[in-house]
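Visitor: My questions will all concern the structure given below.
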Amino acid sequence: MAELATIARPYAEALYQVAKKHDVKAWGAALDALSLVSQDAELRQFADSPKVTAEQVFAVTTAAAKQEALAPELQNFLRAVIENGRLSALPAVVEQFHVLANAAAGVADAQIFSAYPIEAAQLSDVVATLEKRFGRKLEAHVTLEPALIGGIRVVVGDEVLDTSVKARLERMKVALTA
């Protein structure tokens, strides 16, 4: 995994330097779509075929991501990634791009795992409380995880706040068996 991060870092840094001159948020959305498509096993198999040209892979990737009208700089980036055989590294590049963009904006990603869907009003209250707790502006991403039974688990960088019922039951189990 470290090798993939090492490959992705220079791409992400160069991409972010160019994106700063444009709309970083719009670039991030386009990159997210490309990243999602690049994770498809069939697309990777297609890209690895010696009978397929880099331009064909580019066309299929942008069409699948519904990103035919990419900025010229993003087109050049995607072509470079494909020509260098780094399509499998694209998700890591995009992840590092977001880390750089968030760091520059003073924002951190907060992955919120919840047993039940969180409504928009509740989410804004939760995010406000979490911003006070973690001491920084957060951009929340909610993932449903029914195994938590109730409550939430929040991951911000390398910090974890687990208020789920499952975690409480685990702590009680440990206390009772000790």
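Visitor: At a probe size of 1.4 Å, how large is the accessible area of residue 22, to the nearest 10 Å²?
Guide: Solvent-accessible area, nearest 10 Å²: 90 Å².
Visitor: Which FRET efficiency value, to the nearest 0.05, do you get for residue 172 and residue 145 by plugging their Cβ-Cβ distance into 1/(1 + (r/R0)^6) with R0 = 25 Å? List each step's numbers first, then the result.
Guide: On the way: r = 20 Å, r/R0 = 0.79.
After rounding, the FRET efficiency stands at 0.80.
Visitor: When every alpha-carbon pair in the chain is counted, what percent end up more than 29 Å apart?
Guide: Numbers: 5771 of 15753 pairs.
Roughly 37 percent, rounded to a whole number.
Visitor: Consider just the alpha-carbon atoms of region 1-94 and return their Rg together with their Dmax, both in angstrom.
Guide: So, for region 1-94, Rg and Dmax equal 12.5, 37 Å respectively.
Visitor: Taking the alpha-carbon centroid of each part, what is the distance from region 1-75 to region 107-130 in angstrom?
Guide: Between the Cα centre of region 1-75 and that of region 107-130, the gap is 29 Å.
Visitor: Then there is this: Do you know the Lys pair count in the chain for C-alpha distances under 25 Å, with sequence separation 8 or more or different chains?
Guide: 9
Visitor: Under a 5 Å amide H to amide H cut-off, with H placed in plane at 1.01 Å, what residues pair with residue 108 once short-range neighbours are removed?
Guide: It is 137, 138, 139, by chain and number.
Visitor: Can you compute 3J(HN,Hα) from phi for each residue in region 111-119, using the Karplus curve 6.51 cos²θ - 1.76 cosθ + 1.60 with θ = phi - 60°, rounded to whole Hz and x for Gly and Pro?
Guide: In residue order, the calculated couplings are 8, 9, 9, 10, 6, 10, x, 10, 6 Hz.
The values are calculated or read from the model by the stated rules, or taken from the named source; none is laboratory data. Just so we're clear, the structure is a prediction, and the values are computed from it rather than from any experiment. A quick note on method: Cβ atoms are made from the backbone with ideal geometry, for glycine too, and the neighbour counts reach across all protein chains shown. The area values use the complete protein model at the heavy-atom level, side chains included, leaving out ligands, DNA and RNA. Shrake-Rupley method; radii C 1.70, N 1.55, O 1.52, S 1.80 Å.
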